[in-house]
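What follows is a single structure, written as structure tokens, with notes after it.
Bear in mind these aren't lab numbers, they're just calculated from the coordinates by the rules spelled out. Bear in mind the structure is a predicted one, so any value in this text is a computation, not a measurement. Cβ placement follows ideal geometry from the backbone for every residue including glycine, while neighbour counts extend to all protein chains displayed.
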Amino acid sequence: MTLSRAVRIREFGSPEVMRIEAVDLPEPGPGEACVRQTAIGFNFIDVYQRSGVYPLPLPTGLGHEAAGVVEAVGAGVSDLRPGDRVVYMNAGVGAYADRRNVAAERLVALPAAVSDEDAAAVFFKAMTAQYLLKKTHAVQPGDVLLVHAAAGGVGQILARWARALGAYVVGTAGSPAKCEIARAAGCDAAIDYSRDDWPQAFLQATGGRKARVVYDSVGRATFLKSLDCAAPFGLVVVYGGASGPAPAIEPDLLNKKGCLFLTRPSVFPHNADVKTFRSNAADVFAAIAAGHVRATIGARFALDEAPAAHRAAEARATTGAILLVP
Ligand SMILES: NC(=O)c1ccc[n+]([C@@H]2O[C@H](COP(=O)([O-])OP(=O)(O)OC[C@H]3O[C@@H](n4cnc5c(N)ncnc54)[C@H](OP(=O)(O)O)[C@@H]3O)[C@@H](O)[C@H]2O)c1
């Protein structure tokens, strides 16, 4: 038995509901490995789960992603050893901790060229971009794509990888400075969607062409205008709601806007099956090696400062990935 320092919440609410607690950590059980975590990835889903938008049974830990070093392995674990560096993104909530037991089949060994911090900054977000660009729609050279929040964590990765696949990528961001960051992340053009007329700016950026796919993670504030930006028979992918959930619509609206397709996917079912998860992870690490996916760390907070990290994310004060450092 050892002790772990972990973030727990006993009620949903503002960032202050997150408290650090000392938790007894048993020896890793069969099929598990104990990971001493060196870098924890913040993801916006942590905000939804902390605030109760996506309620979890209470009390609960938070966080889906971390990198670190294997300290011990349980019975039946043959492909990992103490000292191995690993990352995970889909092993149940509880990543906001300095140590944790994780199912070994969910741990991916890190290549020497990828630091723990870079791994924790990209893995969850790149696994999201992976299914969005390869499964939700198999992006083809010349596809016009609209990527909302393109200066953010997922947004930068999605934009750079989409461009590498040959797409013409227009990103949106909440200020001129963030638009610069979106362009540096690979967007062919970036538009400031704090201006009401951003759909016109989008059409100007494409020479009047609408999008084959709109990737909308902002939800309430953007969704209806996103429908106006999709080409006939195009696809609108609502994969988040940073501004709140997208409003309900009648199916007939999809007809009126050009016989559109609409989907609301999630990274977890795409990686539920272990074999598929490991193949998707291999695709992500190949994209990292090729330079198509890059870590951009926008801010670091101590684990104890998790409330400050959430406040910064909710205030739209960050770009790229946010790390918590135990
Ligand atoms: N479905 C999935 O599989 C999946 C998986 C991972 C992530 N996601 C979603 O992808 C999105 C990005 O995740 P992330 O972790 O990389 O976060 P992030 O993009 O770093 O942060 C969210 C961004 O959304 C924009 N935003 C617009 N309105 C906002 C508002 N009212 N409050 C806060 N932010 C607002 C902000 O950029 P601007 O200031 O430029 O507007 C902000 O930086 C989230 O919506 C998340 O839920 C979905």
Under 1.5 on a/c is rounded, so check that first for the stretch 47-132, then, if it is not, pick prolate when a/b is larger than b/c and oblate when it is not; a ≥ b ≥ c are the square roots of the alpha carbon gyration tensor eigenvalues. oblate
Fully extended contour minus Cα-Cα distance, from R81 to A289, at 0.36 nm per residue: 72.5 nm
Contour minus Cα-Cα distance for L3 and L58 (0.36 nm per residue): 17.7 nm
Under the rule of at least 5 residues apart or a separate chain, name every residue whose amide H is placed under 5 Å from the amide H of A66. G41, Y88
Kirkwood hydrodynamic radius, computed over distinct alpha-carbon pairs, for the stretch 17-168: how many Å, to one decimal? 16.8 Å
With θ set to phi - 60°, apply the Karplus curve 6.51 cos²θ - 1.76 cosθ + 1.60 along the stretch 302-312 and write out the HN-Hα couplings as whole Hz, x wherever there is a Gly or Pro. 5, 3, 4, 9, 3, x, 5, 5, 5, 4, 4
Pull out the extension gain between S194 and K275, defined as 0.36 nm times the separation in residues minus the alpha carbon to alpha carbon distance; nm, one decimal. 25.0 nm
Alpha-carbon Rg/Rh ratio, for the stretch 141-264, with Rh computed the Kirkwood way: 0.93
Within 10 Å of each candidate Cβ there may be at most 16 other Cβ atoms; applying that plus a DSSP loop requirement, which trypsin sites (Lys or Arg not before Pro) in the stretch 66-145 survive? none
For a test of the definition: using alpha carbon positions, the gyration tensor, and the 1.5 limit on a/c, classify the stretch 185-230 as rounded, prolate or oblate. rounded
Assuming R0 = 41 Å, what is the FRET efficiency of R10 and Q204, from their Cβ-Cβ distance, to the nearest 0.05? 0.25
Residues with amide H under 5 Å of R300's amide H, sequence separation 5 or more or different chain, H placed in the peptide plane at 1.01 Å from N; which? L323
Along the principal axes of its C-alpha atoms, what lengths does the stretch 204-249 span, in descending order and rounded to whole Å? 31, 20, 15
Using modelled backbone amide H atoms (1.01 Å from N, in-plane), which distant-in-sequence or interchain residues come within less than 5 Å of A190's amide H? G171
Cα long-axis angle, helix 116-131 against the chain (0 to 90 degrees, to the nearest 10): 50 degrees
May I ask for log10 I(q)/I(0) of the stretch 195-287 at q = 0.10 Å⁻¹, from a Debye sum over the Cα atoms as equal point scatterers with solvent left out? -0.34
In nm, to one decimal, how far is the K134 label point from the A317 one, both placed 7 Å along Cα→Cβ? 3.7 nm
Using the Karplus curve 6.51 cos²θ - 1.76 cosθ + 1.60 with θ = phi - 60°, work out ³J(HN,Hα) for each residue of the stretch 250-262 in order, rounded to whole Hz, and write x for Gly and Pro. 7, x, 4, 4, 5, 5, 5, 7, x, 6, 7, 9, 10
Structure-based [θ]222 nm, the chain - -39500 (n - 2.57) summed over DSSP H runs of at least 4, per residue, nearest 500: -8500 deg cm²/dmol
From the phi of every residue in the stretch 89-94, what ³J(HN,Hα) in whole Hz does the Karplus formula 6.51 cos²θ - 1.76 cosθ + 1.60 yield, where θ is phi - 60° and glycine or proline is x? 9, 8, 10, x, 5, x
Report, to the nearest 10°, how far helix 274-289 tilts away from the longest principal axis of the Cα atoms in the chain, using its own Cα long axis and a range of 0 to 90°. 70 degrees
Paired Rg and Dmax values of the chain, which use every Cα atom, in angstrom: 19.8, 63
The stretch 143-213: trypsin sites (Lys or Arg not before Pro) in DSSP loop, at most 14 other beta carbons within 10 Å: R195, R209
